[in-house]
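Single-structure report; data block below.
The values are calculated or read from the model by the stated rules, or taken from the named source; none is laboratory data. Given the structure is predicted, the values throughout are model-derived calculations rather than measurements. Neighbour counts run over all protein chains shown; Cβ positions are idealised from the backbone, glycine included. Keep in mind that these areas ignore ligands, DNA and RNA; they rest on the heavy atoms of the full protein, side chains included. Shrake-Rupley method; radii C 1.70, N 1.55, O 1.52, S 1.80 Å.
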Amino acid sequence: MKITFQISDIGIIAYLGLCISLQILQVSVDWDFDYVRRYIAEGAWWRLIIGQCVHSNIAHLLMNVAGLAGLYILSRLDDMGSLMIVSLFPILCLTGVLLYLNEPELERYVGLSGALHGCAALMGLALVFTGNRIVGWLLVTAIAVKLVWESSAYYVDTRTADMIGLRVAIESHYWGVVAGTLVWLVWFLKCRET
């Protein structure tokens with residue numbers, strides 16, 4: 001299989017570079033880029049997005065970067081890398097807004113996991129309808145099972161919480177999937193028009 005460079009590769013490299021740069025600034029200069037509800041309410045709306053680009057520690061950053069890279073590689077296999085890169089920003093925005101509007105008890109949030117779940121939902125649905133249906137259904141099913149498991153009484157993820165140094169914000173996973181599904185729906189309807 002021949003791997004070629006695509007313009008969407010620049011997008012993923014730029015986004016990963018942004019996450020790493022913000023992480024370095026947050027740690028070395030002690031700047032605070034976190035999603036903090038109080039600051040957002042006071043007008044720092046940019047935290048809805050940038051708060052998802054910073055992480056609690058290097059392990060948290062590496063887990064999310066690996067997840068994003070894995071989804072991007074999967075999207076490239078079906079020539080949907082551009083769809084994922086173009087959709088990442090709207091998914092980040094929607095996830096942040098949905099968290100703010102629907103989770104008033106969530107005071108602080110960092111990490112990309114909500115948007116990652118949104119990208120996974122988007123790619124799964126896109127593959128089901130226009131690409132490799134088997135991979136698409138596997139991805140959609142895996143996300144659905146994970147969300148059900150996380151909302152069950154049996155879910156206790158102390159291992160990940162210990163590794164990242166904070167509680168896993170499973171509500172971000174749910175709202176990320178909603179955001180990814182909404183972005184997919186817009187893309188799907190737009191595709192049907194043409």
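A few notes on this one:
- When only alpha carbons of the range 32-122 are considered, Rg and Dmax amount to 13.6, 43 Å.
- Compactness of the chain as Cα Rg over 2.2 N^0.38 Å, two decimals: 1.01
- Once C-alpha pairs closer than 8 Å and six or more residues apart are averaged by separation and normalised to the residue number of the range 54-194, the relative contact order reads 34 percent.
- The listed residues Trp184, Trp45, once ranked by accessible area (1.4 Å probe) with the largest placed first, stand as Trp45, Trp184.
- Positive-end residue, the chain charge dipole about Cα centroid, Cβ charges, pick of Ala169, Leu16, Val145: Val145
- The slack in the chain from Tyr154 to Trp46, taken as 0.36 nm per residue of separation less the alpha-carbon distance, amounts to 35.3 nm.
- When Phe129, Phe33, Phe89 are compared by accessible surface with a 1.4 Å probe, the order from highest to lowest is Phe89, Phe129, Phe33.
- When all protein chains stay in place and ligands, DNA and RNA are ignored, the 1.4 Å accessible-area order of Trp149, Trp46, largest first, is Trp149, Trp46.
- Area accessible to solvent at Asp79, 1.4 Å probe radius, in Å²: 120 Å²
- The range 1-141, accessible surface, carbon-and-sulfur percent (1.4 angstrom probe): 70 percent
- Centre-to-centre separation between the Cα atoms of the range 85-127 and those of the range 133-194: 9 Å.
- Charging the Cβ of each Asp and Glu at -1 and of each Lys and Arg at +1, and nothing else, the dipole of the range 33-142 about its Cα centre rounds to 80 debye.
- In this simple spin-label approximation, Asp162 and Leu106 carry label points 7 Å from Cα along the Cα→Cβ vector, and these lie 2.6 nm apart.
- Estimated from helices alone, the mean residue ellipticity of the chain at 222 nm is -24000 deg cm²/dmol (sum of -39500 (n - 2.57) over DSSP H runs with n ≥ 4, per residue).
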